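Okay, so here's the structure we're looking at.
The values are calculated or read from the model by the stated rules, or taken from the named source; none is laboratory data. What you are looking at is a predicted structure, and each value in this text was computed from that prediction instead of being measured. So basically every Cβ, Gly included, is an ideal-geometry build from the backbone, and we count neighbours across all protein chains shown.
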Amino acid sequence: MLNEETIKQLTPGTKIKVWELIKEGEKTRRTPFEGIIIARKHGREAGATFTVRGIIQEVGVEKVYPLKTPLIEKIEILAKPKRVRRSKLYYIRNISGKRIREKLGVSL
């Protein structure tokens, strides 16, 4: 479960690393997923989510995480954006990594 201070820092444009617990059979392992938050939805209610977009093997991958889940072990804040003008950054799906760095000041 995430603490309130971490939840406040989860804003669009922030580069994060999410450590999630994945259960395979009887074993449980930790897996990191690194990317930029492109959306935050539903505030802080029970169904609140945030969407993270990352690049895995040269392919863009998006994952939607609920805020209130025991499957997220921890979240590391890697970089904050210099300036974000929108609350939903869906447009970064269609632009290159260089343009993302120019617009947000963080790299994908």
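In this structure, Glu62 does not satisfy being over 11 Å from the mean Cα position of the chain (by Cα) and not β-branched (Val, Ile, Thr). For the range 37-54, the set of residues classified as of a type outside the set (Gly, Ala, Ser) and either touching a strand residue (DSSP E or B) at 6+ places or on another chain (Cβ under 7 Å) or surrounded by 19 or more Cβ atoms within 10 Å (Cβ to Cβ) (or both) consists of Ile37, Ile38, Arg40, Lys41, His42, Thr49, Phe50, Thr51, Val52, Arg53, listed by residue number. Set side by side, the residues Glu76, Glu58, Glu102, Glu62 differ, and just one is touching a strand residue (DSSP E or B) at 6+ places or on another chain (Cβ under 7 Å), acidic (Asp, Glu) and exposed (fewer than 13 other Cβ atoms within 10 Å of the Cβ), which is Glu76. Across the range 18-34, the number of residues qualifying as surrounded by 10 or more Cβ atoms within 10 Å (Cβ to Cβ) and within 21 Å of the chain's Cα centre (by Cα) comes to 10.
Kindly establish whether Arg44 is closer than 14 Å to Leu2 by Cα and at pLDDT below 90. Answer is yes for this residue. Pairs linking a residue in the range 24-51 that is free of Cβ contacts under 8 Å to residues at least 24 places away in the same chain and farther than 15 Å from Ile72 by Cβ to a residue that is of a type in the set (S, T, N, Q) and surrounded by 10 or more Cβ atoms within 10 Å (Cβ to Cβ), with Cβ atoms under 8 Å and 6 or more positions apart or on different chains, are Lys41/Thr49; Lys41/Thr51; His42/Thr49. Remark: Ile36 matches the filter, which requires a residue to be touching a Lys or Arg at 6+ places or on another chain (Cβ under 6 Å), within 21 Å of Lys98 (Cβ to Cβ) and in a strand (DSSP E or B). Highlighted here are the strands (runs of 3 or more DSSP E) found entirely within the range 39-108 that include at least 1 residues which are closer than 13 Å to Gly13 by Cβ, out of contact with any Gly (no Cβ under 7 Å at 6 or more places or on another chain) and not β-branched (Val, Ile, Thr): 49-56, 72-79. Here the condition is being hydrophobic (A, V, I, L, M, F, W, C) and farther than 11 Å from Val18 by Cα; of Val61, Val52, it holds for Val61 alone. The set of residues from the range 79-96 being surrounded by 11 or more Cβ atoms within 10 Å (Cβ to Cβ) and without any contact (Cβ under 8 Å) to a residue 24 or more places away in the chain comprises Tyr91, Ile95. Checked against (1) on the phi > 0 side of the Ramachandran plot; (2) touching a His at 6+ places or on another chain (Cβ under 7 Å), Thr49 passes all but a single condition, namely (1).
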